[in-house]
Amino acid sequence: MSSRPLPDTNTERWYRQFWPWFLIALPATTVIAGLVTVYIAMRGADDLVADDYYREGLTINRRLEKEQRAAELKLSPRLTFNGDSIRVMIDAPDAPQELLLHLSHPLDAERDFSTRLSRIGPGDYVGRLPVPVSPRWHWHLLPARDAQWRLDGVVQPGNMANGRQN
């Protein structure tokens, strides 16, 4: 019998070779991408999802009743935004001394705010805004006390004084 010498084999340890690390890197990259996705999802939670949907439903019903009351009274306000001030003209029966204006940003709930408007004449109200608003902000207008009606709308470019958009 002839004895053949064994072929020269690579005796390098596994952790010094390329292919094991390449095969480990593929699932490791997926795990890291998943963790980054979870972090982004938790950090930038969606403001549009309500935690207490039952209470939100009851609030919506009350809001709809107030909006219906405003429609019965045929209220139609005219809002004019001028930098950090606002002027509202509305023909309301039993005009209240103050109106409450809530402005909400369409995408970022942290930028929402409310302000009180004081009556300076019959159906004429003015107030200060903490920050200037721009088109597409949502507004809600109601009497400051004993809110029996409510008006909703969206800031339009025509509501900006001097055609100025912030």
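Six or more apart or on different chains, Cβ under 8 Å: which pairs go from a residue in the range 65-89 that's more than 21 Å from Ser134 (Cα to Cα) to one that's hydrophobic (A, V, I, L, M, F, W, C) and open to solvent by 70 Å² or more (accessible area, probe 1.4 Å)? Could you list them?
Final answer for the pair search is none.
Do we have any residue at all in the range 106-123 that's in a loop (DSSP other than H, G, I, E, B) and surrounded by 17 or more Cβ atoms within 10 Å (Cβ to Cβ)?
no
Given the options Ala28, Ala50, name the one that is modelled with pLDDT of 85 or more and of a type in the set (Gly, Ala, Ser).
Going through Ala28, Ala50 in turn, just one is modelled with pLDDT of 85 or more and of a type in the set (Gly, Ala, Ser): Ala28.
Restricting to the range 74-84, give me the number of residues that are open to solvent by less than 30 Å² (accessible area, probe 1.4 Å) and part of a strand (DSSP E or B).
Total satisfying the criteria: 2.
Taking the condition of being out of contact with any Phe, Trp or Tyr (no Cβ under 9 Å at 6 or more places or on another chain), among the β-branched types (Val, Ile, Thr) and under 20 Å from Arg145 (Cβ atoms), how many residues in the range 73-117 meet it?
1
Sort out which residues of the range 131-160 are modelled with pLDDT under 85 and open to solvent by less than 20 Å² (accessible area, probe 1.4 Å), and write them in order of number.
Selection gives Met160 alone.
Among all residue pairs at least 6 apart or on different chains, which show Cβ distances below 6 Å where the first residue, located in the range 122-138, is hydroxyl-bearing (Ser, Thr, Tyr) and the second is modelled with pLDDT of 90 or more and open to solvent by less than 10 Å² (accessible area, probe 1.4 Å)?
Once the first residue is hydroxyl-bearing (Ser, Thr, Tyr) and sits in the range 122-138, its partners that are modelled with pLDDT of 90 or more and open to solvent by less than 10 Å² (accessible area, probe 1.4 Å) give Tyr125/Val88; Tyr125/Leu99; Tyr125/Leu117.
Is it true that Glu67 is at pLDDT below 90, in a helix (DSSP H, G or I) and touching a strand residue (DSSP E or B) at 6+ places or on another chain (Cβ under 9 Å)?
yes
If I go through the range 86-97 residue by residue, how many of them are open to solvent by less than 50 Å² (accessible area, probe 1.4 Å) and either basic (Lys, Arg) or over 11 Å from Val155 (Cβ atoms) (or both)?
5
The values are calculated or read from the model by the stated rules, or taken from the named source; none is laboratory data. Because the structure is predicted, anything quoted here is derived from the model rather than measured. Note that we place each Cβ from the backbone using ideal geometry, even for glycine, and neighbour counts take in every protein chain shown. Heads up: the accessible areas ignore ligands, DNA and RNA and are worked out on the full protein's heavy atoms, side chains in. Shrake-Rupley method; radii C 1.70, N 1.55, O 1.52, S 1.80 Å.
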